[in-house]
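To start, the structure itself, in structure tokens.
The values are calculated or read from the model by the stated rules, or taken from the named source; none is laboratory data. Keep in mind that this is a model prediction, so the values were computed, not measured. Cβ placement follows ideal geometry from the backbone for every residue including glycine, while neighbour counts extend to all protein chains displayed. SASA here: full protein model, heavy atoms, side chains in, ligands and nucleic acids out. Shrake-Rupley method; radii C 1.70, N 1.55, O 1.52, S 1.80 Å.
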Amino acid sequence: MKLYTADRMLTQTESGDITNGAAVLVAKGRIAWAGRAADFPASNYPEALPTREFGDATLLPGLIDAHVHLGFDGGANPVQRMMAETDAEQLLLMVRSARELLSVGVTTARDLGARSYLDVTVRDAITAGVLQGPRLLTAGSPITTTGGHCWFMGGEADGAHEVRKLVRTHHRAGVDTLKIMATGGFMTAGSAPWFAQFEHDALAAAVDEAHRLNKQVAAHAHGVAGIERAIAVGVDTIEHCSFVHEDGSHALVPELADRLAAAQVAVSPTCNFRTVAMHEASGGQFTPPVAELHDRGVTIIASTDSGIDHTPHHAYVGALEAMHFFGMSRDAVLASATSVAASVLGLSHETGRIEAGLAADLLAVRGDPRNDLADLRQLELVLARGTEFVPDALSPLPEFDLAQSPMAAQFGGVR
Ligand SMILES: [Zn+2]
């Protein structure tokens with residue numbers, strides 16, 4: 001049992017933030033009590049209750065990244081590396097990635113594509129306490145067409161029958177959620193982001209079978225045709241949702257945005273620390289529509305696609321700064337990285353808020369991230385399911401070079 005106190009606390013509950021002294025009592029991995037420090041019923045507990053006092057700092061729920069790839073290294077060529085590595089090598093990389101995420105305060109992550117169910121192995125090791133890392137939601141290999149986006153992860157299936165069978169196979173292997181590639185992507189040769197890979201029937205079969213098994217479906221969709229199809233079949237989240245048109249341009253389709261809002265399909269927009277650099281290098285042509293979607297009532301969850309090229313896992317805070325840069329308020333960004341993401345991912349009963357009964361996923365940061373998201377880098381405490389974690393020493397983030405990125409291919413004049 002341990003008590004944590006700080007001047008401020010972002011609870012992400014209806015009772016709101018505490019700004020005049022807050023306390024959280026943690027016992028057996030869970031939050032036993034949380035509230036105003038002045039209200040803490042100290043007489044109920046031993047006098048020598050172990051306590052950590054952070055003073056001029058803010059307690060907040062552990063952060064959530066709704067889209068990562070532990071098996072990608074975030075370097076210049078993660079696909080090449082994954083294809084060259086043995087499963088044993090991949091597993092070691094994934095352990096490092098998991099620790100990098102936890103080292104920057106990410107206590108929950110959804111891995112949306114790994115091979116050989118290595119994500120399930122890593123998840124189970126974390127749950128068992130063999131390895132420290134974020135709580136993981138796993139998807140196994142993304143379901144894709146033969147030769148389609150990320151085929152090299154092993155999830156090729158064509159037509160409704162094969163797709164349904166692969167959902168069942170993934171379920172048997174113990175995945176938490178399903179990922180389907182509704183369109184092509186930027187990272188796979190011969191795959192185009194605006195191309196809607198799966199016919200309606202196959203997509204519908206994935207959703208039908210996953211929901212029957214009580215699992216969510218995350219649809220990777222860049223192009224408008226794929227986004228439209230994904231909404232029509234009732235997926236739970238749309239990844240990227242970048243509204244790429246056939247000429248390679250990006251332009252939000254208001255009618256589709258309104259349908260996303262009406263159908264309560266959350267968008268996981270892949271805003272990450274390099275997105276601002278890409279926006280600037282493209283002369284403003286590339287602007288993720290997070291604020292416009294949010295303003296139209298679409299639920300946005302923080303997601304980085306970390307691991308993809310030039311996007312290290314430990315660049316997470318830069319993703320939240322990018323969401324703010326592109327027009328979301330800091331409060332909305334903080335919610336999308338905690339309570340909102342937990343709710344969308346079906347984890348409200350477990351994490352995302354500071355409330356008695358939930359898992360003790362708790363951060364303390366110097367300063368106040370409501371005034372400056374950069375304060376999230378001033379980590380004083382990382383508590384994952386009640387266990388204190390000492391962050392690893394992390395390598396500095398690389399300068400983003402647009403010309404080196406596969407996404408550069410879509411910008412005129414940049415190859
Ligand atoms: Zn991804």
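Each principal axis of the Cα cloud of the chain was taken in turn, and the coordinate range along them, longest first, works out to 65, 46, 41 Å.
Considering only 128, 316, 383, the residue lying farthest towards the positive end of the dipole of the chain is 128, judged by Cα position with unit charges set on Cβ. Put simply, when 103-109, 217-223 are sorted by average Cβ atoms within 10 angstrom per residue, most first, you get 217-223, 103-109.
Note that the chain presents 38 Å² accessible area per residue, ligands and nucleic acids not counted, probe 1.4 Å.
From the P(r) of the stretch 291-394, can you give the percent of Cα pairs sitting at distances over 22 Å?
Tail fraction, whole percent: 35.
In this simple spin-label approximation, residue 165 and residue 331 carry label points 7 Å from Cα along the Cα→Cβ vector, and these lie 5.3 nm apart. For the residues 168, 229, 115, a GNM of the chain with alpha-carbon springs under 10 Å puts the largest fluctuation on 168.
By how many nm would the segment from residue 349 to residue 259 lengthen if fully extended, with 0.36 nm per residue of separation less the alpha-carbon distance?
On the way: separation 90, 0.36 × 90 = 32.40 nm, distance 2.78 nm.
Extra length from residue 349 to residue 259 when fully extended: 29.6 nm.
Helix 159-173 axis versus longest C-alpha principal axis of the chain: approximately 30°, rounded to the nearest ten. Backbone N atoms of the stretch 59-88 closer than 18 Å to the 7 Å Cα→Cβ label point of residue 380 belong to residues 59-63.
Stokes-Einstein diffusion for the stretch 246-324, with the hydrodynamic radius set to the Kirkwood value over Cα pairs and evaluated at 25 °C in a medium of 0.890 mPa s, equals 185 µm²/s.
Charging the Cβ of each Asp and Glu at -1 and of each Lys and Arg at +1, and nothing else, the dipole of the chain about its Cα centre rounds to 820 debye. Among the protein heavy atoms, those of residue 153 account for about 10 Å² of accessible surface (1.4 Å probe, every chain in place). Summarised in one figure, the compactness ratio Rg/Rh of the stretch 317-360, Cα atoms and Kirkwood Rh, is 1.06.
If you plug the beta carbon distance of residue 213 and residue 146 into 1/(1 + (r/R0)^6) with R0 = 30 Å, you get a FRET efficiency near 0.80.
With both labels modelled 7 Å from their Cα along Cα-to-Cβ, the residue 84 to residue 51 distance reads 5.5 nm. Semi-axes of the equivalent ellipsoid for the stretch 182-313, computed as √(5λ) from the eigenvalues of its C-alpha gyration tensor and ordered from largest down, come to 23, 16, 15 Å.
I need to check one value: relative contact order of the chain, counting alpha carbon pairs closer than 8 Å and at least 6 residues apart, in percent.
On the way: 1009 pairs, mean separation 78.9, N = 415.
Result for the chain is 19 percent.
Springs between Cα atoms under 10 Å define the GNM used for the chain, and in it the highest mean-square fluctuation of 329, 306, 242 occurs at 329.
Just the number, please: carbon plus sulfur as a percent of the accessible area of the chain, 1.4 Å probe, no ligands or DNA/RNA counted. Can you show the working numbers first?
Numbers: 7740 of 15630 Å².
Carbon plus sulfur share of accessible area: 50 percent.
As a length-normalised measure over Cα pairs under 8 Å and 6 or more apart, the relative contact order of the stretch 156-305 settles at 18 percent.
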